[in-house]
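The values are calculated or read from the model by the stated rules, or taken from the named source; none is laboratory data. If you're wondering where the values come from, they're calculated on a predicted model, not measured in any experiment. As a convention, Cβ positions derive from the backbone with ideal geometry for all residues, glycine included, and neighbour counts pool all protein chains shown.
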Amino acid sequence: MTIEIQDGYISNLMLFNKTAEVIHRKPKCPLSVKNAPIIEYKNVELLKMYITKGRGRILPRRITGVSSKKQRQLAKAIKIARILALLPFASAA
């Protein structure tokens, strides 16, 4: 399957081709694989990977690729770590 580009545009034949097969690969949850780290409030290094650096917000699942079950566990662990002052509520800026 080749894509024809003419003057910076993809040809209309490629855009509206109904027979082209697209393979969608479902991303694996990085916290559900074998030997994955345990989600708990004491694992601050893991929790820091799932919050933003600027404002300290919890990153959404669509960005991190975490399953919904693990995302709920992450959110709960992050909130507990914030209350215990292991993680900041917001950066000191």
Considering each residue of segment 50-89, count those that are of a type in the set (A, V, I, L, M) and exposed (fewer than 12 other Cβ atoms within 10 Å of the Cβ), and give that number.
4
Give me the pairs: first residue in segment 62-75 and touching a residue at least 12 places away in the same chain (Cβ under 8 Å), second residue part of a helix (DSSP H, G or I), beta-carbon distance under 8 Å, and six or more apart or on different chains, which are they?
Thr64/Gln71; Val66/Leu74; Ser67/Arg61; Leu74/Leu47
For Ile10, state whether it is surrounded by 10 or more Cβ atoms within 10 Å (Cβ to Cβ) and modelled with pLDDT of 90 or more.
no
Scanning segment 67-79 for residues that are aliphatic (A, V, I, L, M) and under 14 Å from Ile38 (Cβ atoms) gives Leu74, Ala77
